[in-house]
Amino acid sequence: MNGDLVEIRGLYKYFGKLEVLKGVSCGIKKGEKVVVLGASGSGKSTMLRCMNLLEKPTYGEVWFDNNLLTPVDPYLHPDIIKASNTFRKLKTPDMSDAELIAKIKKEDLLHEKHEGKEYSALMKSFHKAHYLNENLARAKMGMVFQHFNLFNNLTVLQNMILAPVELKLKTKEAATEQAMELLGKIGLTDKANSYPSTLSGGQKQRIAIVRSLCMDPEVMLFDEPTSALDPEMVGEVLELMKRLADAGMTMIVVTHEIGFAREVADRVLFMANGVIAESGTPAEVFDDPKTPEAKQFLSSVL
Amino acid sequence: MTFAEKIAKLWELRGLFAESLGYSLLIAFGAVIIGFIIGVIMSVIRIAPKTNPVIKALDKLAVTYITVIRGTPTLVQLLILYNSVLVSFKRMPTNLLVPIIAFGINSGAYMAEIIRSGISAIDVGQMEAGRSLGLSWITTMRKIIIPQAIKTVVPTIFNEIIILVKETSVVSYIVLKVNNEQKWDLLGMAEKQGLATPACYLVFLFFAAALYLAVVMLLTALQHFIERRLKKNER
């Protein structure tokens, strides 16, 4: 909403009783490279997966290129809260609007169905003005998984051209030409007609990356892309990611590769207990961590 | 009657037996097609995320269908269909559709559960990868999940087909008609000829058994051929 390509606002995610995200907000600008660090269970993967709605946030909003991907979260919009019956009922002269809004937010007092016409109309018009179908958004947000997730029933080339052709973004010829060019860039042209089961982990992950690139994404999300790889294959994948970064791609990378973060990241987010505990340049976060969690984490991985 | 005479009698009737085997196979083949289509649709409904009321209702329907069909004998289903629901078919000059539909509906319930188990066995990462590329749930199902699921359930599907081929023998409980002429399935033919020539009854039954066995062995060979082909595709 303020020039960020990807923005999450007030994100909460519960898995049953487990609170994984407890109010996360951050924005990523076009061309920015953000590395997300944190101990396992800190919520970093969940935050990344919320960005393209593979996980549906319990509360909060996800924005992509000024489009809203989630339902409207009324607690993020004071003017919508003000239009609610709850607000009107609780309003007393000795309480300021801001105080009451804070109270309603804190105690989760809104009840979708009983907030009156004005409230519903505002919710609806806001939704209508900004909402973008998740499939359309995902087509522009590449994602790379820890376990590669190449389609096992398709060849490498078919893996790469399936989505652009199926979504009618490109003709089969154009998609094939682009895919072969990308395979050439990573030196795997000869694997075009191989099935994923015949490839090494490093090859699979590099192909998973270029499969996403076939969609001409505006941002790439990486969910621990090297964690499942044998050590000798980590380098080739990081190398490709660096080339991608140099080419100006907007990247959000969840990883444990501190070296990569130092070299590539414009900004490092450190997550602990479901919130962003620290945010800053690699130098700020790595050389001068403020929170005890970050200090402990960094001393364990460095 | 000597054994040689019995065999001679059997030889005399070979055309009739071949025709009746044809009807048995036709019914089984039609039922497999219907059952497979029903199975794929039902399994997808069962596996779909229950996000809207239509899918929830369809899911309830699918569960009911599977429970009822798996919970009642095939013969009962066939007789009910023959005598009530499809009563107009009964009067039609050719009523082969009655057993085809009855066995198809029956098989669909089993196929649904088989295919559902195959879909559940596919790594969730495959669906996530499809969705992350912007493909819809149904497109990812169609292009990625179902093809892989079918591959893993080929042996179980063939198991079901084999059972179905043999189960068509209960069709002799109803009157089959083709162009207003009464026809018999393989077991029905063995029974009919056995009544006409009681001395040969046992020979006819053994012959019918041998033909069923031959068909099943062919199906098993086909299964192994398909499994090998599917494996080769991945290498």
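The values are calculated or read from the model by the stated rules, or taken from the named source; none is laboratory data. Quantities reported herein were computed from a predicted structural model and do not represent experimental measurements. Positions of Cβ are generated from backbone atoms using ideal geometry, with glycine treated the same way; all protein chains shown enter the neighbour counts. Each accessible area value is taken on the protein alone, full model and side chains, heavy atoms only, with ligands, DNA and RNA left out. Shrake-Rupley method; radii C 1.70, N 1.55, O 1.52, S 1.80 Å.
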| What pairs can you find where one residue is in the stretch B:25-46 and at negative phi, the other is open to solvent by 50 Å² or more (accessible area, probe 1.4 Å), and their Cβ atoms are less than 6 Å apart, with a gap of 6+ or different chains? | B:Ser43/B:Arg116; B:Ile45/B:Leu58; B:Arg46/B:Arg116
| query | Does A:Met123 count as open to solvent by less than 100 Å² (accessible area, probe 1.4 Å) and assigned to a loop (DSSP other than H, G, I, E, B)? | reply | no
| request: Could you list, in sequence order, all residues of the stretch B:122-135 that are more than 7 Å from every other protein chain (Cβ to nearest Cβ) and touching a helix residue (DSSP H, G or I) at 6+ places or on another chain (Cβ under 8 Å)? | output: B:Ile122, B:Met127, B:Gly130
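When you scan the stretch A:169-184, do you find a residue that is at pLDDT below 95, more than 18 Å from B:Gly125 (Cβ to Cβ) and more than 9 Å from chain B (Cβ to nearest Cβ), even just one? Give the steps one after another, and end with the answer.
At the first step, the residues of the stretch A:169-184 found to be at pLDDT below 95 are none.
No, the conditions are met nowhere in the stretch A:169-184.
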| message | From the list A:Val72, A:Val36, exactly one residue is over 28 Å from A:Glu263 (Cα atoms), touching a helix residue (DSSP H, G or I) at 6+ places or on another chain (Cβ under 8 Å) and modelled with pLDDT of 90 or more. Which is it? | response | A:Val72
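Pick out the one residue from B:Ile55, B:Ile34 that is under 25 Å from B:Val154 (Cα atoms) and open to solvent by less than 60 Å² (accessible area, probe 1.4 Å).
Among B:Ile55, B:Ile34, only B:Ile34 is under 25 Å from B:Val154 (Cα atoms) and open to solvent by less than 60 Å² (accessible area, probe 1.4 Å).
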| Looking at A:Ala228, A:Ala294, A:Ala245, which is the one that is touching a His at 6+ places or on another chain (Cβ under 8 Å), in contact (Cβ under 8 Å) with a residue 12 or more places away in the chain and at negative phi? | A:Ala228
| note | Of (1) touching a Leu at 6+ places or on another chain (Cβ under 6 Å); (2) of a type outside the set (S, T, N, Q); (3) crowded, with 21+ Cβ neighbours inside 10 Å, A:Ala272 fails just (1)
| query | Restricting to the stretch A:216-228, what's the tally of residues that are open to solvent by 20 Å² or more (accessible area, probe 1.4 Å) and either more than 19 Å from the chain's Cα centre (by Cα) or within 30 Å of A:Val165 (Cα to Cα) (or both)? | reply | 4
| message | It is to be established whether one or more residues within the stretch A:15-34 are open to solvent by less than 10 Å² (accessible area, probe 1.4 Å), without any contact (Cβ under 8 Å) to a residue 60 or more places away in the chain and touching a Gly at 6+ places or on another chain (Cβ under 6 Å). | response | no
| field | Failed item, numbered, when A:Pro225 is tested on (1) in a loop (DSSP other than H, G, I, E, B); (2) at pLDDT below 95 | value | (2)
| request: Mind telling me which of the residues B:Leu78, B:Leu61 ends up being in a helix (DSSP H, G or I) and in contact with a Pro (Cβ under 8 Å, 6 or more places away or on another chain)? | output: B:Leu78
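Among the helices (runs of 4 or more DSSP H) lying completely within the stretch B:123-235, list those that include at least 1 residues that are farther than 30 Å from A:Ala192 by Cα and of a type in the set (Gly, Ala, Ser).
Here the list reads B:186-196, B:201-234.
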| Selection status of B:Ile119, among the β-branched types (Val, Ile, Thr), within 14 Å of chain A (Cβ to nearest Cβ) and in contact (Cβ under 8 Å) with a residue 24 or more places away in the chain | yes
| remark: Only unsatisfied item for B:Pro198, checking (1) surrounded by 21 or more Cβ atoms within 10 Å (Cβ to Cβ); (2) free of Cβ contacts under 8 Å to residues at least 40 places away in the same chain; (3) away from chain A (no Cβ under 14 Å), is (1)
| request: Please identify the pairs in which a residue from the stretch A:138-164 that is under 24 Å from A:Val254 (Cα atoms) and at the interface with another protein chain (Cβ under 7 Å from one of its Cβ atoms) has its Cβ atom under 9 Å from the Cβ atom of a residue that is part of a strand (DSSP E or B) and polar (S, T, N, Q), counting only partners at least 6 apart or on another chain. | output: none
| Candidates A:Leu162, A:Leu132, filtered to the one that is among the hydrophobic types (A, V, I, L, M, F, W, C), closer than 27 Å to A:Leu48 by Cβ, touching a Leu at 6+ places or on another chain (Cβ under 7 Å) and modelled with pLDDT of 95 or more | A:Leu162
| query | Which number in (1) in contact with a Pro (Cβ under 6 Å, 6 or more places away or on another chain); (2) open to solvent by 70 Å² or more (accessible area, probe 1.4 Å); (3) of a type in the set (A, V, I, L, M, F, W, C) marks the one condition that B:Ile27 misses? | reply | (2)
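Take the residues of the stretch A:127-137 that are of a type in the set (A, V, I, L, M) and open to solvent by less than 50 Å² (accessible area, probe 1.4 Å): which is nearest to the other protein chains (Cβ to nearest Cβ)?
A:Ala137
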| task | Only residues in the stretch A:51-66 that are within 14 Å of chain B (Cβ to nearest Cβ) count as the first member; pair them with residues that are open to solvent by 30 Å² or more (accessible area, probe 1.4 Å) and part of a helix (DSSP H, G or I), Cβ under 8 angstrom, at least 6 apart or cross-chain, and list the lot. | result | A:Asn52/A:Glu134; A:Leu53/A:Glu134; A:Leu54/B:Glu128; A:Leu54/B:Arg131; A:Glu55/A:Arg49
| request: Being under 19 Å from A:Ala39 (Cβ atoms) and among the basic types (Lys, Arg) is the filter here, so list the residues in the stretch A:11-25 that pass it. | output: A:Lys13, A:Lys22
